Structures are given as C-alpha cells and as structure tokens.
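Worksheet: the structure to be examined is printed underneath.
The values are calculated or read from the model by the stated rules, or taken from the named source; none is laboratory data. Everything numeric in this text was worked out from a predicted model, so none of it was measured. Virtual Cβ from ideal backbone geometry, glycine too; neighbours counted across all protein chains shown.
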Amino acid sequence: MNRRAALGARAENRALAWLKSRGLSFVASNFYCRYGELDLIMDDSGTLVVVEVRSRSNNRFLSPELSVDHRKRSNIIHSTEYFLQQHPQYADNAVRFDVIALTGDTAGDIRWIRDAFTVD
C-alpha cells in the first residue's frame, strides 16, 4: 500500500470510529463500482448515510470539505444509486450525503458536515 492510500485508510478508520461513537451503525465501506467509490455507508436511525471522508495535512490551499466538487458529488450520487440497486434492502431508506473532513495528523481536527449536498 502506498503512503497516500495508507493515509486515506487511516482517515477512514478514524472517521468510522468517530461516527460510531456518535451512534451511527456501520453498513459498508469502500464500495467500488464503475462510477467510483463510497468511503463509508452508515445507518443513522433508519437513514442511510453516505459519507465522503476527506483529509488534508493543512488548510493552506483548500479545506478538505471544499475538495468535494461537483464532479465528485455526481460520482457519489451515481455510486449510491448503484449501491441501492445491488442492496435492495435499503431501497426504502432515506439517504443523506455527509462529509467528514479531517485536518492534520490522525489526532487532528474532525468536522462533520451533515447533508453536505443533495441530489439535484
């Protein structure tokens, strides 16, 4: 595993533990399809929460949450649609798109942006 992948995996593990400590339940992680990857999929009292995890060593040029641009949001939405087709047991759940933004090392700042974007 290269350095960037290892950092990403650590960020996702930290985000997962952090979300679980706030009462969300784990559904899936690293769901890959032709549209892209869903980092974390969680359950929040019956709402399926698709979480994009972004990390940066600092905010000097661009904060992690601002790096989720229109193209990335579109890929996440299409990947979620595909996930729901593959897992029909979640088809009737409400869906929410959140972003977990981490800045600094693994002990750094975490920001949870609920409803970071919606399906247009």
Original post:
Within the range 27-47, how many residues turn out to be in a strand (DSSP E or B) and either touching a Leu at 6+ places or on another chain (Cβ under 8 Å) or free of Cβ contacts under 8 Å to residues at least 24 places away in the same chain (or both)?
Top reply: 11
Original post:
In the set 113, 77, which member is of a type outside the set (D, E, K, R) and modelled with pLDDT under 95?
Top reply: 113
Original post:
In the range 81-99, how many residues are exposed (fewer than 14 other Cβ atoms within 10 Å of the Cβ) and either among the aliphatic types (A, V, I, L, M) or at positive phi (or both)?
Top reply: 2
**OP:** Would you check if there is a residue in the range 68-76 being under 25 Å from residue 20 (Cβ atoms) and hydroxyl-bearing (Ser, Thr, Tyr)?
**Re:** no
Subject >> Selection count, the range 1-24, where residues are under 13 Å from the mean Cα position of the chain (by Cα) and of a type in the set (Lys, Arg) >> reply: 1
Original post:
Quick one: is residue 67 under 19 Å from residue 9 (Cα atoms) and either within 12 Å of the chain's Cα centre (by Cα) or modelled with pLDDT of 85 or more (or both)?
Top reply: no
**OP:** Return the residue satisfying two criteria in turn: it lies in the range 43-64 and is among the polar types (S, T, N, Q) and surrounded by 13 or more Cβ atoms within 10 Å (Cβ to Cβ), and of such residues it is modelled with the lowest pLDDT.
**Re:** 59
**OP:** Return a yes/no flag: does the range 15-23 have any residue that is part of a helix (DSSP H, G or I), without any contact (Cβ under 8 Å) to a residue 24 or more places away in the chain and either of a type in the set (A, V, I, L, M) or crowded, with 16+ Cβ neighbours inside 10 Å (or both).
**Re:** yes
